[in-house]
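For reference, the structure is listed below as structure tokens.
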Amino acid sequence: MNVSAEYSPGFFARFLSRLAPIKPAETAAVVASFFLFFFMWSGNFAVRPVRETVGTLIGREQLANVWMITWVVSLALIPLYGVVVARVRRSVFLPWTYGVIAAVLALIGVAMQGDQINMAASKFFYVFISVVNLFMISMFWSFLLELFDREQTKRLFGVIAAGGSAGALFGPLVSDLTVGMIGNSGVLYFGAALFVVAIFCQRLLLRLWSVRTDATTAAEDRPIGGNLFGGVTLILRSPYILGIALYVVMISTVSTLLYFEQLRLVEIAYPAVSDRTRIFARLDWIVQTLTVLSQIFLTGRIAQKFGVKALVTIAPVIMIGGFVALAFSGAFIVLAVVFVLRRALEYAFVRPGREMLWSSLDKETKYKAKNTVDVPIYRGADALSAQVDNWVIASGAGAGAVAWLGAGVAFVWATIGWWLGRRFEDQERLLAKKMIG
């Protein structure tokens with residue numbers, strides 16, 4: 001769908017069109033998407049430092065098993081998600097998703113109230129937020145792939161992604177500044193409140209979707225239907241979608257290897273639990289500061305000038321060098337730089353680029369196959385990578401061996417990204433020829 005329509009631009013729309021590649025007629029949809037992503041991702045990243053602190057308390061070896069549980073839970077949720085997508089209209093289940101997350105975070109906040117850490121509630125929270133954050137980000141982009149057409153995704157997704165990055169900057173910054181006063185439970189209440197605001201933003205975006213100039217909204221808002229496990233079938237039938245799945249596996253593996261090394265070094269450097277929450281929050285808002293600037297000023301322009309192929313290969317190529325640097329120096333400052341670079345590059349370039357890869361595919365694929373790739377496949381790669389990391393460390397090979405393994409994975413990641421970007425651009429050229437013909 002193209003959200004552009006007859007429109008008389010005001011000052012704000014003209015200002016935005018100078019700041020980023022936004023046409024005046026697209027302003028309302030872009031701004032609504034930006035703020036939905038802002039509040040949704042603020043809520044997620046506000047509570048993320050608490051999750052990482054829980055990870056240090058669980059311990060590196062046990063956490064690998066918790067990740068296995070996370071993967072099993074994400075697999076179990078696929079048929080439930082399939083039922084929802086097949087039978088419930090998007091205008092109903094999208095806002096309800098944020099309401100459920102807000103309620104669960106508030107209940108966990110109650111369970112974690114006080115000085116003593118409730119480990120049962122903490123582990124439940126760790127698994128819950130690790131699963132739902134991938135579900136909600138996948139559903140967000142799936143809906144935007146309906147809202148904007150293929151050409152618009154290249155121009156606008158970088159700017160919209162900046163909303164998430166701004167939220168991911170705001171959430172942990174507030175957590176960093178307030179955790180000493182309100183504690184971890186207070187941070188969870190704050191995250192829940194942000195998800196409540198996201199409900200209203202989603203309803204506004206749905207209203208914009210419903211007032212388009214064409215008459216197709218009612219038909220498009222019907223339940224998608226189809227097989228509850230259709231996502232798996234769609235992946236196996238298409239080499240292109242299978243390539244996206246493998247690309248996501250490489251992202252997960254690189255992230256996991258860095259994540260476990262980060263937990264180890266933070267646990268050594270910061271004995272106090274509140275200090276750990278603070279340093280995790282600080283790393284988050286540094287990442288997001290870099291990301292939001294890149295997304296507003298660089299992502300859309302890079303996509304337009306160099307294509308999606310550039311977006312999906314920049315990060316893995318740089319990560320090859322990052323892991324080599326870690327292999328020679330395992331100092332916390334080197335890890336912090338590589339960790340910040342990896343996440344900033346992923347949020348600024350890889351995430352918008354990989355969402356663009358889905359833009360030419362049909363609605364069922366965008367919701368079912370995409371969600372299968374984004375959640376159980378991603379979390380399955382997490383679980384396997386965590387076990388591999390433990391095996392390497394247990395073998396006595398040390399952190400250096402993990403770094404060299406990471407460099408090899410990053411090379412494969414870059415190769416798959418280059419192939420996917422080329423396939424996407426080939427499809428674009430073919431589509432353009434058909435339109436001219």
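Please work out if Gly191 is of a type outside the set (A, V, I, L, M) and at pLDDT 90 or above. If you could, list the steps in order and put the result at the bottom.
On the way: of a type outside the set (A, V, I, L, M): yes; at pLDDT 90 or above: yes.
Yes, satisfied.
Select from segment 92-120 the residues that are out of contact with any Ser or Thr (no Cβ under 8 Å at 6 or more places or on another chain), of a type in the set (Gly, Ala, Ser) and surrounded by 20 or more Cβ atoms within 10 Å (Cβ to Cβ) and list them in ascending order.
Ala102
Out of the residues in segment 294-327 that are touching an Asp or Glu at 6+ places or on another chain (Cβ under 8 Å) and at negative phi, which is modelled with the highest pLDDT? It would help to see each step written out before you state the result.
Taking segment 294-327 as the starting set, the residues that turn out to be touching an Asp or Glu at 6+ places or on another chain (Cβ under 8 Å) are 307-309, 315, 326.
Restricting the remaining residues to those that are at negative phi gives 308-309, 315, 326.
Working: Val308: 88, Lys309: 91, Ala315: 94, Leu326: 91.
Ranking the qualifying residues of segment 294-327, first place goes to Ala315.
Pairs, please: C-beta under 7 Å, at least 6 apart or cross-chain, first residue over 12 Å from Val179 (Cα atoms) and in segment 264-280, second crowded, with 17+ Cβ neighbours inside 10 Å and of a type in the set (A, V, I, L, M)?
Filtered contacts from segment 264-280: Leu265/Leu335; Val266/Ile279; Tyr270/Ile279.
Do you know which residues across segment 143-167 are within 24 Å of Ala46 (Cβ to Cβ) and at pLDDT 80 or above?
If the condition is that a residue be within 24 Å of Ala46 (Cβ to Cβ) and at pLDDT 80 or above, then Phe143, Leu144, Ile160, Gly163, Gly164, Ala166, Gly167 are the ones that fit.
Go through segment 4-31 and give me each residue that's in a helix (DSSP H, G or I) and either in contact with a Pro (Cβ under 7 Å, 6 or more places away or on another chain) or at pLDDT 90 or above (or both).
Correct list: Ala13, Arg14, Ser17, Pro24.
What residue, among those in segment 48-84 that are over 25 Å from Val273 (Cβ atoms) and free of Cβ contacts under 8 Å to residues at least 40 places away in the same chain, is surrounded by the most Cβ atoms within 10 Å (Cβ to Cβ)? Before the answer, list the steps.
First, pick out the residues of segment 48-84 that are over 25 Å from Val273 (Cβ atoms): 71-84.
Among the residues that remain, those that are also free of Cβ contacts under 8 Å to residues at least 40 places away in the same chain are: 72, 76, 80, 84.
Details: Val72: 15, Ala76: 11, Leu80: 10, Val84: 20.
The selected residue is Val84.
If Gly330 passes every condition in (1) surrounded by fewer than 23 Cβ atoms within 10 Å (Cβ to Cβ); (2) modelled with pLDDT of 80 or more; (3) more than 24 Å from Met139 (Cα to Cα); (4) over 17 Å from the mean Cα position of the chain (by Cα) but one, which one does it miss?
Going through the list (1) surrounded by fewer than 23 Cβ atoms within 10 Å (Cβ to Cβ); (2) modelled with pLDDT of 80 or more; (3) more than 24 Å from Met139 (Cα to Cα); (4) over 17 Å from the mean Cα position of the chain (by Cα), Gly330 breaks only (2).
Does segment 147-164 hold any residues that are β-branched (Val, Ile, Thr) and in contact with a Ser or Thr (Cβ under 6 Å, 6 or more places away or on another chain), and which are they?
Of all residues in segment 147-164, those β-branched (Val, Ile, Thr) come to 153, 159-160.
Thr153, Ile160, listed by residue number.
Here is a list: Leu341, Leu430. Which entry is on the phi < 0 side of the Ramachandran plot and either crowded, with 22+ Cβ neighbours inside 10 Å or under 19 Å from the mean Cα position of the chain (by Cα) (or both)?
Values: Leu430 fails: either crowded, with 22+ Cβ neighbours inside 10 Å or under 19 Å from the mean Cα position of the chain (by Cα) (or both).
Sole residue among the options that is on the phi < 0 side of the Ramachandran plot and either crowded, with 22+ Cβ neighbours inside 10 Å or under 19 Å from the mean Cα position of the chain (by Cα) (or both): Leu341.
Only one of (1) closer than 21 Å to Val47 by Cα; (2) without any contact (Cβ under 8 Å) to a residue 24 or more places away in the chain is not met by Ala106, so which one is it?
Exception for Ala106: condition (2).
Determine which single condition Arg87 fails, assuming it passes every other condition in (1) under 29 Å from Lys154 (Cβ atoms); (2) among the basic types (Lys, Arg); (3) surrounded by fewer than 17 Cβ atoms within 10 Å (Cβ to Cβ).
In the conditions (1) under 29 Å from Lys154 (Cβ atoms); (2) among the basic types (Lys, Arg); (3) surrounded by fewer than 17 Cβ atoms within 10 Å (Cβ to Cβ), Arg87 misses (1) alone.
Is it the case that segment 58-72 has a residue that's of a type in the set (Phe, Trp, Tyr) and at pLDDT below 90?
Of segment 58-72, the ones of a type in the set (Phe, Trp, Tyr) are 67, 71.
The next check asks that each one be at pLDDT below 90; those that pass are 67, 71.
Checked segment 58-72: at least one residue is of a type in the set (Phe, Trp, Tyr) and at pLDDT below 90.
With a cut-off of at least 1 residues that are crowded, with 20+ Cβ neighbours inside 10 Å and modelled with pLDDT under 85, name the helices (runs of 4 or more DSSP H) lying wholly within segment 216-278.
It comes to 230-237, 239-269.
The values are calculated or read from the model by the stated rules, or taken from the named source; none is laboratory data. On a predicted model such as this, the values are computed, not experimentally measured, just so you know. Please note: Cβ atoms are built from the backbone with ideal geometry, for glycine as well, and neighbour counts cover all protein chains shown.
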